[in-house]
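Chemist: Below is the structure I would like to discuss, written out as structure tokens.
The values are calculated or read from the model by the stated rules, or taken from the named source; none is laboratory data. The shown structure was predicted, so the numbers you read here are calculated from the model rather than taken from an experiment. Methodologically, a virtual Cβ is constructed for each residue, glycine included, from the backbone with ideal geometry; neighbour enumeration extends over all protein chains shown.
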Amino acid sequence: MNSFFWRQLRKIVFTFDAEKVHHFFYEILAFLGRSTVGRFVLRVISGTEKDRENPRHPLVCSVNGMLFRNPIGLAAGFDKDGRLLPALAHLGFGFAEIGTVTPCAQPGNSKPRLFRDVERFSLFNRMGFNSPGALIVSENVRWARKKGKLPENFRIGINIGKNKDTSAEDAAKDYRLAVTPFAGLADYIVVNVSSPNTPGLRALQTSDAIVKIVNAVRLEVEKWECRPSIYLKLAPELDELSLEDLLRCEKDMGIDGWVLNNTLGGYWKGGRGGWSGGVLGNLPRERLEKVRARSRLPIISVGGILEPREVEARLESGANLVQVYTGWIYFGPRWVRHLLKSVRKS
Ligand SMILES: Cc1cc2nc3c(=O)[nH]c(=O)nc-3n(C[C@H](O)[C@H](O)[C@H](O)COP(=O)(O)O)c2cc1C
């Protein structure tokens, strides 16, 4: 599908409600990911079929001792159920972050809760952790991991959160419950304390709260045969003092890396939510530079990536991996390959 065709399709698609469109494409991708023929179709659509003859992929990178097929992943929030993994792998992503997954199923906020701001290549959402619950998501991931569906070194991150009704005092228990069914299934875990759409969640971005949460998660994953890395995902507008506190306590918190950043909290159409895409401007890169200056841990940089130059800039500024979401929605299925080509050149 070339970019002209995608732009025409986008014009039509964008006349419909954003979440309905999301579900429509979600089901198509899930369907195509199920069969060998479907996965071939996805490689043709995304242009990645052309790269298949090259068995020693030049973009493989190692992070925390784990090989990643390439450094561009899909950010959390697109595949909350974990049913798209084979499709995402064959669309060219090097890894995908599933979730946010909550321990128990919950419906999220009332609709409408996802909006487009086309002029600014942005999305605004107040989804509120809609999740089928950790057990169901883990079964979906288990199915995806069965032989032949995922290319070598395609990595799976599991992004976990707490249920809406769980108090801040009980949060650590929720994070542990959310991670428990993913033994042997997750390559890395992301502790998400930065969604603007779950009341009180961002208040957990203190070293004290995070020590408790990460300890609880660690107690669980240390029982697993292969322990996944634990990343911490932050909000882009976290104030300087709080960020300083987290950086100072990096070792005590026991994390293995950072995911920078989540959506930017704000208002749109009379409600609170989070901005992604172009609205984020230079904020994600500035945050990356700030944390890289103080931390040697791996960083996954995410937010506001709309062109190949920005991927290069993030990697040059010290990101080990990058993730995209909103840009992919605006630029379509060939865009990941387009980004990868620029990484290959640099
Ligand atoms: C509709 C939507 C839902 C999202 N849901 C989640 C989520 O459940 N958990 C999470 O950690 N981030 C979530 N995000 C944030 C993305 O993972 C990412 O951090 C953010 O969109 C910035 O990247 P972008 O500018 O490339 O979109 C969501 C983003 C969008 C647009």
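Chemist: Which fully enclosed strands (runs of 3 or more DSSP E) of the range 90-142 have 3 or more residues being modelled with pLDDT of 95 or more and either of a type outside the set (D, E, K, R) or within 9 Å of the ligand (Cβ to nearest atom) (or both)?
Modeler: Hits in the range 90-142: 95-101, 122-125.
Chemist: Please find, within the range 292-319, the residue that is surrounded by the most Cβ atoms within 10 Å (Cβ to Cβ) out of those that are over 19 Å from the mean Cα position of the chain (by Cα) and closer than 19 Å to residue 233 by Cβ.
Modeler: 292
Let's see how each residue does on (1) without any contact (Cβ under 8 Å) to a residue 12 or more places away in the chain; (2) part of a helix (DSSP H, G or I); (3) surrounded by fewer than 15 Cβ atoms within 10 Å (Cβ to Cβ):
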| site | (1), (2), (3) |
| --- | --- |
| 209 | no, yes, no |
| 214 | no, yes, no |
| 218 | no, yes, no |
| 230 | no, no, no |
| 241 | yes, yes, yes |
| 251 | yes, yes, yes |
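Chemist: Among the listed residues 56, 34, 43, identify the single one that is away from the ligand (no atom under 16 Å from the Cβ), charged (D, E, K, R), modelled with pLDDT under 95 and under 15 Å from residue 151 (Cα atoms).
Modeler: The conditions single out 56.
Chemist: Could I ask something else about it? Tell me, which residue of the range 320-346 that is of a type in the set (Gly, Ala, Ser) and free of Cβ contacts under 8 Å to residues at least 60 places away in the same chain is surrounded by the most Cβ atoms within 10 Å (Cβ to Cβ)? Before you say what the answer is, go through the steps one by one.
Modeler: First pass over the range 320-346, keeping only residues of a type in the set (Gly, Ala, Ser): 327, 332, 342, 346.
Retained after the next criterion (residues that are free of Cβ contacts under 8 Å to residues at least 60 places away in the same chain): 342, 346.
Details: 342: 14, 346: 11.
This residue is 342.
Chemist: Suppose the filter is more than 19 Å from the chain's Cα centre (by Cα), surrounded by fewer than 18 Cβ atoms within 10 Å (Cβ to Cβ) and touching a residue at least 24 places away in the same chain (Cβ under 8 Å); does residue 172 pass it?
Modeler: Working: more than 19 Å from the chain's Cα centre (by Cα): yes; surrounded by fewer than 18 Cβ atoms within 10 Å (Cβ to Cβ): no; touching a residue at least 24 places away in the same chain (Cβ under 8 Å): yes.
No; evaluated as a whole, the condition is false for this residue.
Chemist: While we're here: Tell me which of these residue 292 doesn't satisfy, since it passes every other one: (1) within 14 Å of the ligand (Cβ to nearest atom); (2) at pLDDT 95 or above.
Modeler: The number of the failed condition is (1).
Chemist: Only one residue in 303, 257 is among the small types (Gly, Ala, Ser) and within 12 Å of the ligand (Cβ to nearest atom). Which one?
Modeler: Of the residues listed, the single one that is among the small types (Gly, Ala, Ser) and within 12 Å of the ligand (Cβ to nearest atom) is 303.
Chemist: Can you name the residue in the range 3-47 that is of a type in the set (S, T, N, Q) and part of a loop (DSSP other than H, G, I, E, B) and is also nearest to the chain's Cα centre (by Cα) among such residues?
Modeler: Taking the range 3-47 as the starting set, the residues that turn out to be of a type in the set (S, T, N, Q) are 3, 8, 15, 35-36, 46.
Then keep just the ones that are part of a loop (DSSP other than H, G, I, E, B); that gives 15, 35.
Details: 15: 26, 35: 24 Å.
So the residue we want is 35.
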